[in-house]
Ligand code: GFB
């Protein structure tokens, strides 16, 4: 039995002092494995997401995989290895090296660990002694699509539809993209066609499958087991942002937007498990926050994207309605577009977060995106961009903090949409 291999000290319980005196097998980061008998080998689940996907869809895939690990935990000592961040299409600041970024840069790993055991990839290398993965399972759809036009859950080992992203080298191991770790490799590779929820992988991983480390690539192919239900919200609540990023956002709120947790009624508990807020209990700071997604959304002329003038008009309507003077704009727009938006809003105080050099260097484009999300999450009123997962994650953050859904689930009407365009579906938090 391996006790407390992943859990936090506060959540571990050891029956006797004698337990504590047993061998410490290894130490990795803040986690200790205490050996108190013959060890069941720890098994590692690694995963990866299609290269083209953005930051906030990747956060959603984490939730699907985390719930799979929670299921696997019922049958063994499984730990989720967090895929290092990097090489994201939208992270364009040229002066930065944005690769091999650990999760702790963006997220509170201790909070993640309160839901399921997780470790960084570097810890996996330390624990196992090398960056070697036993088995890659490459997920893909079914070549033939839905049979008889019917969607059903299924999973089968199949030939790869696309040329495999991993190649066998002279040494007989599989090489490919392992988050920028050139020494990493896998010992075996196969493709699985899958149509279904994350839990469909559980029997595959548990029955007649001896690989200790399994790497599920194209994790976005599997769906949430329980979208919008308790399990969804529990894992979502565990995805707290790293404290250093929250602190930067809080300082900006206080200095520019007269917003503090005490005044806004958004004080958080140390442990997310102890936090259950009534909808409407949070008031938020005296500002409106807008997430205005531009860049590829605007270039592709998506119907959900408003012109800057139209966005400003919609902001003004909400400012008047809620008697607010300050606007915080989170956006990926270039400077000249932000200036144009300011001109349209010249009667109001418009703020956006511009990171000092040190913040950008330390926390990269992903960290700045999180600071923007955090500030948006604390506004009295929020309006986002339709179909943007960046906005969706802000909706969720606000639900966790206790905002009324009507102050959250709002979006801009795009350039070719009517003024009363359909607003985002409301997903109420459940505990
Ligand atoms: O997060 P994300 O997947 O959201 O991608 P969508 C957008 C990325 O652009 C973010 C930057 O991760 C940030 O790096 N970004 C966008 C921002 N808005 C802001 C902002 O307000 N502040 C800051 N600092 N950065 C997906 C795309 O975008 O939409 C997919 O990733 C696909 O490729 C899909 O196109 C339809 O969901 O908005």
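Out of 134, 75, I need the residue that is touching a helix residue (DSSP H, G or I) at 6+ places or on another chain (Cβ under 7 Å) and more than 30 Å from residue 334 (Cβ to Cβ). Which one?
75
Among the residues of segment 209-254, how many are closer than 15 Å to residue 268 by Cβ and touching a helix residue (DSSP H, G or I) at 6+ places or on another chain (Cβ under 7 Å)?
Selection size over segment 209-254: 11.
Go through (1) surrounded by fewer than 16 Cβ atoms within 10 Å (Cβ to Cβ); (2) part of a loop (DSSP other than H, G, I, E, B); (3) in contact (Cβ under 8 Å) with a residue 12 or more places away in the chain one by one and return the number of the condition residue 273 breaks.
If we test residue 273 against (1) surrounded by fewer than 16 Cβ atoms within 10 Å (Cβ to Cβ); (2) part of a loop (DSSP other than H, G, I, E, B); (3) in contact (Cβ under 8 Å) with a residue 12 or more places away in the chain, just (2) comes out false.
Among the residues in segment 357-371, are any at negative phi and not in a helix (DSSP H, G or I)? Give the derivation first.
Let us first name the residues in segment 357-371 that are at negative phi, namely 357-363, 365-371.
Now narrow it down to the ones that are not in a helix (DSSP H, G or I): none.
No: segment 357-371 contains no residue that is at negative phi and not in a helix (DSSP H, G or I).
Run residue 403 past the list (1) in a loop (DSSP other than H, G, I, E, B); (2) within 13 Å of the ligand (Cβ to nearest atom); (3) under 19 Å from residue 319 (Cα atoms) and report the number of the one that doesn't hold.
Unmet for residue 403, out of (1) in a loop (DSSP other than H, G, I, E, B); (2) within 13 Å of the ligand (Cβ to nearest atom); (3) under 19 Å from residue 319 (Cα atoms): (2).
Taking the residues in segment 41-71 that are within 16 Å of the ligand (Cβ to nearest atom) and out of contact with any helix residue (DSSP H, G or I) (no Cβ under 9 Å at 6 or more places or on another chain) as candidates, determine which candidate is farthest from residue 102 (Cα to Cα).
52
May I ask you to say which residue of 357, 326, 316, 428 is more than 13 Å from the ligand (Cβ to nearest atom) and free of Cβ contacts under 8 Å to residues at least 24 places away in the same chain?
Result of the check over 357, 326, 316, 428: 357.
With respect to residue 78, is the statement that it is under 24 Å from residue 185 (Cα atoms), touching a strand residue (DSSP E or B) at 6+ places or on another chain (Cβ under 8 Å) and within 16 Å of the ligand (Cβ to nearest atom) true?
Numbers: under 24 Å from residue 185 (Cα atoms): yes; touching a strand residue (DSSP E or B) at 6+ places or on another chain (Cβ under 8 Å): yes; within 16 Å of the ligand (Cβ to nearest atom): no.
Here the answer is no, as residue 78 does not meet what is asked.
Residue 321 - would you say it is closer than 30 Å to residue 234 by Cα, more than 16 Å from the ligand (Cβ to nearest atom) and free of Cβ contacts under 8 Å to residues at least 12 places away in the same chain? Before the answer, list the steps.
Working: closer than 30 Å to residue 234 by Cα: no; more than 16 Å from the ligand (Cβ to nearest atom): yes; free of Cβ contacts under 8 Å to residues at least 12 places away in the same chain: yes.
No.
Among the residues of segment 286-293, are any part of a loop (DSSP other than H, G, I, E, B) and surrounded by fewer than 19 Cβ atoms within 10 Å (Cβ to Cβ)? Show your work before the answer.
Step one: list which residues in segment 286-293 are part of a loop (DSSP other than H, G, I, E, B), which gives 293.
Narrowing further to those that are surrounded by fewer than 19 Cβ atoms within 10 Å (Cβ to Cβ): none.
No, the conditions are met nowhere in segment 286-293.
Among 398, 343, 393, which is away from the ligand (no atom under 13 Å from the Cβ), assigned to a helix (DSSP H, G or I) and crowded, with 22+ Cβ neighbours inside 10 Å? Don't jump to the end; show me each part of the working.
Numbers: 343 fails: crowded, with 22+ Cβ neighbours inside 10 Å; 393 fails: away from the ligand (no atom under 13 Å from the Cβ).
It is 398.
Residues being more than 10 Å from the ligand (Cβ to nearest atom) and assigned to a strand (DSSP E or B): count how many of those fall in segment 372-390.
Adding up the residues that qualify gives 5.
Please list, ordered by residue number, the helices (runs of 4 or more DSSP H) wholly in segment 201-268 having 3 or more residues that are under 25 Å from the mean Cα position of the chain (by Cα) and either touching a residue at least 12 places away in the same chain (Cβ under 8 Å) or crowded, with 18+ Cβ neighbours inside 10 Å (or both). Show your work before the answer.
Working: elements: 201-206, 230-238, 243-257, 261-264.
Output list reads 201-206, 230-238, 243-257.
Report whether or not residue 335 is modelled with pLDDT of 95 or more, within 15 Å of the ligand (Cβ to nearest atom) and at positive phi. Give the derivation first.
Working: modelled with pLDDT of 95 or more: yes; within 15 Å of the ligand (Cβ to nearest atom): yes; at positive phi: no.
So residue 335 does not fit the description; no.
Kindly indicate whether any position in segment 120-143 is over 22 Å from residue 43 (Cα atoms), over 28 Å from the mean Cα position of the chain (by Cα), surrounded by fewer than 17 Cβ atoms within 10 Å (Cβ to Cβ) and without any contact (Cβ under 8 Å) to a residue 12 or more places away in the chain.
Here is the first cut: in segment 120-143, the residues over 22 Å from residue 43 (Cα atoms) are 140-143.
After this cut, where a residue has to be over 28 Å from the mean Cα position of the chain (by Cα) as well, the list is 143.
Pick out the ones that are also surrounded by fewer than 17 Cβ atoms within 10 Å (Cβ to Cβ) and you get 143.
Those still in the list that are without any contact (Cβ under 8 Å) to a residue 12 or more places away in the chain too: none.
Within segment 120-143, none of the residues are over 22 Å from residue 43 (Cα atoms), over 28 Å from the mean Cα position of the chain (by Cα), surrounded by fewer than 17 Cβ atoms within 10 Å (Cβ to Cβ) and without any contact (Cβ under 8 Å) to a residue 12 or more places away in the chain.
The values are calculated or read from the model by the stated rules, or taken from the named source; none is laboratory data. Being a predicted model, the structure only gives us computed values, none of them experimental. Heads up, the Cβs are rebuilt from the backbone with ideal geometry, glycines too, and the neighbour counts pull from every protein chain shown.
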